[in-house]
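Take a look at the structure set out below.
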Amino acid sequence: MAKLKLSKQSLQKQRELLKLYRRLLPSLDLKRRQLTVETQKARQEHAAAQAALEELDTKIGAELPMLASPDMDLTGLVKKADLRVGEQNIVGVRLPVLERMEFEVTDYSRLATPAWVDVLVERLKEAAEERIRVEIARERVRVLEQATRRITQRVNLFDKILIPTTKRNIQRIQIFLGDTDRAAVVTSKIAKAKQAEQRQLAFPGETVS
């Protein structure tokens, strides 16, 4: 850290910095509060998506108890065909947003398979969609939490460090300059007194004003 210069120029610089910090702090704090609200909203959306997935899993288990059999192999029955994730700008933070998702079903003989397989295919597609929604919702929470931590650190930097430190610097410089001015006045008076004394000694009869 650079050593503080105790000068009028440095005092002016510190005053300008203080003005800048005070101007930036409200906008930073506003963004922090906005991000806090958005983070809480994202957490609620993630919790809702997670609850929907769990509810769907329970529903599938009740409708299709045969899935619990270790002999049941559903690998590759439903595959992700297309997934498009875009970006959404929230308070200057880029968040993932689901734009499109499609699934393809592996061909199977509807005559050679039980009727419940058709139901199973639909449920697998629904479950895959819900898992993607949960994943995106989780990522939105992560990004927003990270952004909130960063802006909170900046707010604390300005509010608890930069502004108080600049105020102390200004006070320190003002005290130093004040002491310097007073010392200069005292020195000037002493010098004048000595000059008057020397003049009186040189010219005893002269009246010193």
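The values are calculated or read from the model by the stated rules, or taken from the named source; none is laboratory data. Just so it is clear, the model here is predicted, and its values are computed rather than measured. No Cβ is skipped: glycine too gets one built from the backbone with ideal geometry, and neighbour counts run over all protein chains shown.
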- Message: I'm trying to understand the selection: among the residues of the stretch 6-24, which are farther than 17 Å from Lys160 by Cβ and free of Cβ contacts under 8 Å to residues at least 60 places away in the same chain?
- Response: Gln9, Gln12, Lys13, Glu16, Lys19, Arg23
- Task: Working only within the stretch 29-70, note down all residues that are surrounded by fewer than 16 Cβ atoms within 10 Å (Cβ to Cβ) and among the hydrophobic types (A, V, I, L, M, F, W, C).
- Result: Leu30, Val37, Ala47, Ala48, Ala51, Ala52, Ala62, Met66, Leu67, Ala68
- Some residue of the stretch 40-54 being aliphatic (A, V, I, L, M), free of Cβ contacts under 8 Å to residues at least 24 places away in the same chain, part of a helix (DSSP H, G or I) and farther than 20 Å from Arg138 by Cβ: no
- Matching residues in the stretch 34-67 - criterion: being over 27 Å from Val119 (Cα atoms) and of a type in the set (Val, Ile, Thr): Thr36, Val37, Thr39
- Close pairs (6 angstrom Cβ cut-off, 6 or more residues apart or separate chains): modelled with pLDDT of 80 or more in the stretch 59-72, assigned to a helix (DSSP H, G or I) anywhere: Ile60/Arg123
- Residues of the stretch 125-144 classified as in contact (Cβ under 8 Å) with a residue 60 or more places away in the chain and farther than 17 Å from Glu87 by Cα, total: 4
- For Arg182, the lone unmet condition from (1) loosely packed, with under 13 Cβ neighbours inside 10 Å; (2) in a strand (DSSP E or B); (3) modelled with pLDDT under 90 is (2)
- Query: What tally of residues in the stretch 97-131 results from selecting those that are at pLDDT below 80 and surrounded by 15 or more Cβ atoms within 10 Å (Cβ to Cβ)?
  - Reply: 1
- If we ask which residues in the stretch 1-39 are under 30 Å from Phe176 (Cβ atoms) and either under 13 Å from the mean Cα position of the chain (by Cα) or part of a helix (DSSP H, G or I) (or both), their number turns out to be 18
- Only residues that are surrounded by 11 or more Cβ atoms within 10 Å (Cβ to Cβ), touching a Lys or Arg at 6+ places or on another chain (Cβ under 8 Å), free of Cβ contacts under 8 Å to residues at least 60 places away in the same chain and over 14 Å from Glu139 (Cα atoms): list them for the stretch 74-96, please. Val78, Leu83
